[in-house]
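K.L.:
One structure coming up, written as structure tokens, with questions to follow.
Every number in this text was worked out from the coordinates using simple rules, so none of it is lab data. This one's a predicted model, so the numbers in the text were calculated from it and none came from an experiment. Here the Cβ positions follow ideal geometry from the backbone for every residue, glycine too, while neighbour counts run over all protein chains shown.
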Amino acid sequence: MNYLYKRPPYLHVGDKVCITSPSGRILPEKVFMAEKVMKDAGLEVEIMPHALNEFHQFSGTDDERFEDLQKALDDPECKAILMSRGGYGLHRIIDRLDFHFFETYPKWIIGFSDVTLLHAHLHRLGWQSLHSPMASAFSVENSSLALKVMNFLQGNLQNYQLYPHVLNRLGIAQGVLIGGNLSILTSILGSCSDLDTNEKILFIEDVGEYLYRLDRMMWTYKRAGKLSHLSGLIIGGLTEMKVGETDFGYSAEEIVFNAVKEYSYPVCFGFSAGHQLHNEPLVLGAKVRLEVTNEGAEVMYSD
């Protein structure tokens, strides 16, 4: 169903942002740098108590990571939650989270990669969120990246124009933008966080996968009925894909194209978002218009 998702309030100078680490551990200096960049932009910043912890590959125990995220979700003063980094860990705590106070005090959830799970869960609750770089990417040297994210959070949405791609499928589509990391999307099939893709414009990206695994994920998503009734498909970075011992025979882009070639909706390759240097923000849950022509493609916000 293509209903309009609820949008958290846009941010203003003086608003509070919480930084939390629900997944992998992070170097403290990266979080402190993000804190400085956001404070310089006029925001109040709270680093959650366990955000800098280490527990094996995680940024703390399951209980610690859950407590930090739940506290930020419940905080009536917090207007946005910036994840420090991705990795793995949200699967272990997502079902413990209570969104009762979030519904009363909604806030922007910011991140990508493992955070795809939290985005998807929020979308099942009917809320928009921001697929974007996280605290680990913010720095004084690259302050323009943080400023771009904050521009989105202040309501200054940017439309995107893309170069033509040989595998693009022409067409025009409108729909709610959903998606994120393909590995995460396939891992939540059948769960209470699973996405309804019908009549939606799906965005996917991934990193570091063997080509046969990418092919398997695309066919898994297809067999689950997630690709047949889309309004459109946007493919972001398919970064650092691995060939394996035997040549798979198709590129990453060809694997995606082959999985959806029987359908008629527009398909756009080469969107600059995902595990790559240029990771453009996307408002998931927003209504967008996708136009794919011989001259290229355009993604425009329409709500």
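K.L.:
Which of rounded, prolate or oblate describes the range 94-220 when judged by the alpha-carbon gyration tensor and an a/c cut-off of 1.5?
P.N.:
rounded
K.L.:
Here's another thing I want to ask about it. Relative to the longest principal axis of the chain, what angle (0 to 90°, nearest 10) does the C-alpha long axis of helix 143-153 take?
P.N.:
The angle comes out near 90 degrees.
K.L.:
Now for a separate question. Could you list which residues have their amide H under 5 Å from that of Trp127, counting only those 5 or more apart in sequence or on another chain, with H placed in the peptide plane?
P.N.:
Correct list: Lys6.
K.L.:
Pairs of lysine in the range 160-301 with Cα under 21 Å and at least 8 positions apart or on different chains: total?
P.N.:
7
K.L.:
Additional query: Take the alpha carbon gyration tensor of the range 160-301, find the square roots of its eigenvalues, order them as a ≥ b ≥ c, and report rounded if a/c is under 1.5; if not, report prolate when a/b exceeds b/c, else oblate.
P.N.:
Here the range 160-301 falls in the rounded category.
K.L.:
Calculated from DSSP H runs of 4 or more alone, at -39500 (n - 2.57) each and per residue, what is the 222 nm mean residue ellipticity of the chain, nearest 500?
P.N.:
Helix-only estimate at 222 nm: -7500 deg cm²/dmol.
K.L.:
Related question: Projecting each Cα onto the charge dipole of the range 160-301 (Lys/Arg +1, Asp/Glu -1 at the beta carbon, about the Cα centre), which of Leu167, His229, Ser187 comes out farthest on the positive side?
P.N.:
So the residue furthest toward the plus end is His229.
K.L.:
Separate question: Under 8 Å for C-alpha pairs, at least 6 residues apart: give me the relative contact order for the chain, rounded to a whole percent.
P.N.:
It rounds to 20 percent for the chain.
K.L.:
Would you pull out the residues with amide H under 5 Å of Ile109's amide H, same chain only if 5 or more places away, H placed 1.01 Å from N?
P.N.:
For Ile109, the qualifying residues are Ile81, Leu130.
K.L.:
Here's another thing I want to ask about it. PRE reach from Lys36 (point 7 Å along Cα→Cβ): which of the range 103-147 fall under 17 Å by backbone N?
P.N.:
135-147
K.L.:
In whole Hz, with x marking every Gly and Pro, tabulate ³J(HN,Hα) for the range 160-166 from phi via Karplus 6.51 cos²θ - 1.76 cosθ + 1.60, θ = phi - 60°.
P.N.:
Whole-Hz 3J(HN,Hα) from phi for the range 160-166: 10, 10, 10, 6, x, 9, 4.
K.L.:
Also, I was wondering about something else. Would you kindly derive the ³J(HN,Hα) couplings of the range 51-60 from the backbone phi angles with the Karplus curve 6.51 cos²θ - 1.76 cosθ + 1.60 (θ = phi - 60°), listing them in order in whole Hz, with x for Gly and Pro?
P.N.:
After applying 6.51 cos²θ - 1.76 cosθ + 1.60, I find 5, 9, 6, 9, 8, 6, 7, 8, 8, x Hz.
K.L.:
While we're looking at this one, here's another question. Place +1 on the Cβ of every Lys and Arg and -1 on the Cβ of every Asp and Glu in the range 34-145, take the dipole about the Cα centre, and give the residue among Phe66, Ser139, Gly126 whose Cα lies farthest towards its positive end.
P.N.:
After comparing all options, I get Gly126.
K.L.:
Does the range 1-126 come out rounded, prolate or oblate by the C-alpha gyration tensor, with a ≥ b ≥ c the root eigenvalues, rounded set by a/c under 1.5 and, if not, prolate when a/b is larger than b/c and oblate if not?
P.N.:
Because a/c hits 1.5 or more and a/b fails to exceed b/c, the range 1-126 counts as oblate.
K.L.:
On a C-alpha basis, how far is the centre of the range 1-69 from the centre of the range 215-283 in Å? Whole number, if you could?
P.N.:
29
K.L.:
Taking amide H atoms as placed 1.01 Å from N in the peptide plane, list the residues 5 or more away in sequence, or in a different chain, whose amide H sits under 5 Å from that of Phe58.
P.N.:
Answer set, sorted by chain and number: Arg25.
K.L.:
Return the ratio Rg/(2.2 N^0.38 Å) for the chain, where Rg is computed over Cα atoms only.
P.N.:
0.96
K.L.:
A follow-up question, please. Relative to the longest principal axis of the C-alpha atoms of the chain, give the angle of the C-alpha long axis of helix 28-40, reported between 0 and 90° and rounded to the nearest 10°.
P.N.:
Tilt relative to the chain: about 80 degrees.
K.L.:
Once phi is turned into θ = phi - 60°, what whole-Hz ³J(HN,Hα) does the Karplus curve with 6.51, -1.76 and 1.60 give for every residue of the range 215-220, x standing for Gly and Pro?
P.N.:
4, 5, 5, 5, 6, 4
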